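J.: Structure below; questions to follow.
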Amino acid sequence: MLDRTEHGFGGLVPEPSAPLPVADLIVGQSVEDAAALLPRIFNLCRTAQQTTARLAFGLRVEAKARDALHREILRDHLIKFHLKWPGFFGRAPLALPQDWATGGAGVRSDLFGPSGRMPRDMDAFDDFLGAGHGIAPVLSLIDHSFEPGEGATPALSLTDATTVFVPQAQENSVAGRHAGHPVMQAIAAAKGRGPLWRALGRAYDLEVCLSGTLPAWQTPAMGHAIVPAARGTYAIRAEISDGIVTTFQRVTPTDHLLAEGGILAHTLRTLPDRKSGYAALIMDILDPCSPVRLREVDHA
């Protein structure tokens, strides 16, 4: 293991913005008003938020909500691969695939090349990067920008229905959804759970969004709802009395990302000072849903 001081690691410290008092805004509202208010307060992952709220509050969720959730997550991933990440390498933004929301075969080939699917093993993954189709070039740029272990985290426990409401470090991320995939496992073993592993998780998530096979949302207990979102897993638990919200807890992937000893802390701790120029890219890959300032610190 590299020595942090000798190699100049850990030169950036995160300073998150103060959290909004969400519970104070929701408690005392009617369930309908509360479900409508949440997506207005937070303009990211609106479908995921509204769906989770309606499930937790015992309200009807329309049949079209599942398709809307898939499109919301798909759109966010496409924006990363086509509009945002190329710019970190001096590349021009790419046009989104035509009719991307329909999820047809043409969209799949635009993203994944002639096979229309993401690689199933490392030999196929190496071929995919080498061929340079679709999203492969931006993944290759990320791959070549970091040595093994740089910006990487240990194997934190994966978020599930028993841990999502616990405010401690855990792997609540898109990459975590696909941690068991053979290619993701191989990348984690060879390079660590670093920027490539996390970006690659979004690529596999693109595929499941297009196939409509995202994990199903869950209601494990009365007033509890857990829904997949563009950054990981979103959860709400609440108590209702006579149609009024009396207690409320909202958990986002960012809560776990910013937890003490969480993904962001480990990522910055393993990022060499000489790679601090990639901090903006790393933050965009990690994608906190609230502002986080990075402050430089002097090792001395």
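The values are calculated or read from the model by the stated rules, or taken from the named source; none is laboratory data. Remember, it's a predicted structure, so these values are computed and weren't measured experimentally. Here the Cβ is made from the backbone with ideal geometry for all residues, glycine too, and neighbour counts use every protein chain on show.
J.: Give T247, T233 a once-over and let me know the one that is farther than 28 Å from P137 by Cβ, modelled with pLDDT of 95 or more and surrounded by 24 or more Cβ atoms within 10 Å (Cβ to Cβ). Steps first, please.
T.: Details: T247 fails: surrounded by 24 or more Cβ atoms within 10 Å (Cβ to Cβ).
Exactly one residue qualifies, and that residue is T233.
J.: Given the condition aromatic (F, W, Y), touching an Asp or Glu at 6+ places or on another chain (Cβ under 8 Å) and not in a helix (DSSP H, G or I), answer yes or no: does some residue in region 9-22 qualify? Before the answer, list the steps.
T.: Initially, region 9-22 is screened for residues aromatic (F, W, Y), giving 9.
From what is left, the residues that are touching an Asp or Glu at 6+ places or on another chain (Cβ under 8 Å) are 9.
Checking the rest, the ones that are also not in a helix (DSSP H, G or I) come to 9.
Scanning region 9-22, I find at least one residue that is aromatic (F, W, Y), touching an Asp or Glu at 6+ places or on another chain (Cβ under 8 Å) and not in a helix (DSSP H, G or I), so the answer is yes.
J.: Could you pull out the residue among V227, V245 that is in contact (Cβ under 8 Å) with a residue 12 or more places away in the chain, more than 19 Å from the chain's Cα centre (by Cα) and within 20 Å of I26 (Cα to Cα)? Steps first, please.
T.: Working: V227 fails: more than 19 Å from the chain's Cα centre (by Cα).
None of the others qualify; the one that does is V245.
J.: Residues to consider are T163, T219; find the one that is at pLDDT 95 or above, more than 28 Å from Y278 (Cα to Cα) and in contact with a Leu (Cβ under 7 Å, 6 or more places away or on another chain). Spell out the reasoning first.
T.: Values: T163 fails: in contact with a Leu (Cβ under 7 Å, 6 or more places away or on another chain).
That would be T219, the only listed residue that is at pLDDT 95 or above, more than 28 Å from Y278 (Cα to Cα) and in contact with a Leu (Cβ under 7 Å, 6 or more places away or on another chain).
J.: Tell me which helices (runs of 4 or more DSSP H) are completely within region 183-300 and hold 1 or more residues being touching a strand residue (DSSP E or B) at 6+ places or on another chain (Cβ under 8 Å), or say none if there are none.
T.: Working: elements: 195-211, 253-257, 263-269, 279-286.
Filter on region 183-300 gives 253-257, 263-269, 279-286.
J.: Scanning for something free of Cβ contacts under 8 Å to residues at least 12 places away in the same chain and more than 18 Å from I226 (Cβ to Cβ), does region 166-177 turn up at least one residue?
T.: Start the filter on region 166-177 by keeping residues that are free of Cβ contacts under 8 Å to residues at least 12 places away in the same chain, which leaves 166.
Pick out the ones that are also more than 18 Å from I226 (Cβ to Cβ) and you get none.
Checked region 166-177: no residue is free of Cβ contacts under 8 Å to residues at least 12 places away in the same chain and more than 18 Å from I226 (Cβ to Cβ).
J.: Further question on the same structure: Against the definition (under 14 Å from the mean Cα position of the chain (by Cα), of a type outside the set (G, A, S) and farther than 19 Å from M184 by Cα), how does Y234 come out, yes or no? Steps first, please.
T.: Values: under 14 Å from the mean Cα position of the chain (by Cα): yes; of a type outside the set (G, A, S): yes; farther than 19 Å from M184 by Cα: yes.
So Y234 fits the description; yes.
J.: Can you find, within region 59-95, the residue that is nearest to the chain's Cα centre (by Cα) among those that are closer than 22 Å to D284 by Cβ, assigned to a loop (DSSP other than H, G, I, E, B) and at pLDDT 95 or above?
T.: P93
J.: List the residue pairs whose Cβ atoms are under 8 Å apart, where the first residue sits in region 39-50 and is crowded, with 22+ Cβ neighbours inside 10 Å, the second is in a loop (DSSP other than H, G, I, E, B) and of a type in the set (A, V, I, L, M), and the two are 6 or more positions apart or on different chains.
T.: C45/A230; A48/A230
J.: Continuing with this model, one more query. Out of region 87-139, which residues are within 30 Å of G277 (Cβ to Cβ), among the aliphatic types (A, V, I, L, M) and exposed (fewer than 14 other Cβ atoms within 10 Å of the Cβ)?
T.: Residues satisfying the conditions are A92, A95, A131.
So that you can scan it fast, the table gives a plain yes or no per residue for (1) among the acidic types (D, E); (2) touching a Leu at 6+ places or on another chain (Cβ under 8 Å); (3) surrounded by fewer than 21 Cβ atoms within 10 Å (Cβ to Cβ):
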{"position": "H256", "(1), (2), (3)": "no, no, no"}
{"position": "G262", "(1), (2), (3)": "no, yes, no"}
{"position": "T267", "(1), (2), (3)": "no, yes, no"}
{"position": "I285", "(1), (2), (3)": "no, no, no"}
{"position": "C289", "(1), (2), (3)": "no, yes, yes"}
{"position": "R293", "(1), (2), (3)": "no, no, yes"}
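J.: Now for a separate question. Would you mind stating whether A48 is touching an Asp or Glu at 6+ places or on another chain (Cβ under 9 Å), of a type outside the set (D, E) and either more than 21 Å from T267 (Cβ to Cβ) or modelled with pLDDT of 85 or more (or both)? Reasoning before the result, please.
T.: Details: touching an Asp or Glu at 6+ places or on another chain (Cβ under 9 Å): yes; of a type outside the set (D, E): yes; either more than 21 Å from T267 (Cβ to Cβ) or modelled with pLDDT of 85 or more (or both): yes.
The answer is yes for A48.
J.: Restricting to region 107-136, name every residue that is acidic (D, E) and either in contact with a Pro (Cβ under 9 Å, 6 or more places away or on another chain) or closer than 16 Å to L206 by Cβ (or both). Quick ask: steps written out before the conclusion?
T.: First pass over region 107-136, keeping only residues acidic (D, E): 110, 121, 123, 126-127.
Those that are acidic (D, E) and either in contact with a Pro (Cβ under 9 Å, 6 or more places away or on another chain) or closer than 16 Å to L206 by Cβ (or both): D110, D121, D126, D127.
J.: Given the conditions (1) closer than 30 Å to H224 by Cβ; (2) at pLDDT 95 or above, which single one is not true for A189?
T.: A189 satisfies every listed condition except (1).
J.: On to the next question. Could you tell me how many of the residues in region 23-53 are part of a helix (DSSP H, G or I) and in contact with a strand residue (DSSP E or B) (Cβ under 8 Å, 6 or more places away or on another chain)?
T.: 10
J.: Give all pairs with beta carbons closer than 9 Å in which a residue from region 140-156 that is under 23 Å from G130 (Cα atoms) and surrounded by fewer than 18 Cβ atoms within 10 Å (Cβ to Cβ) meets a residue that is at pLDDT below 95 and of a type in the set (D, E, K, R); count only pairs at least 6 apart in sequence or on separate chains.
T.: E147/K275
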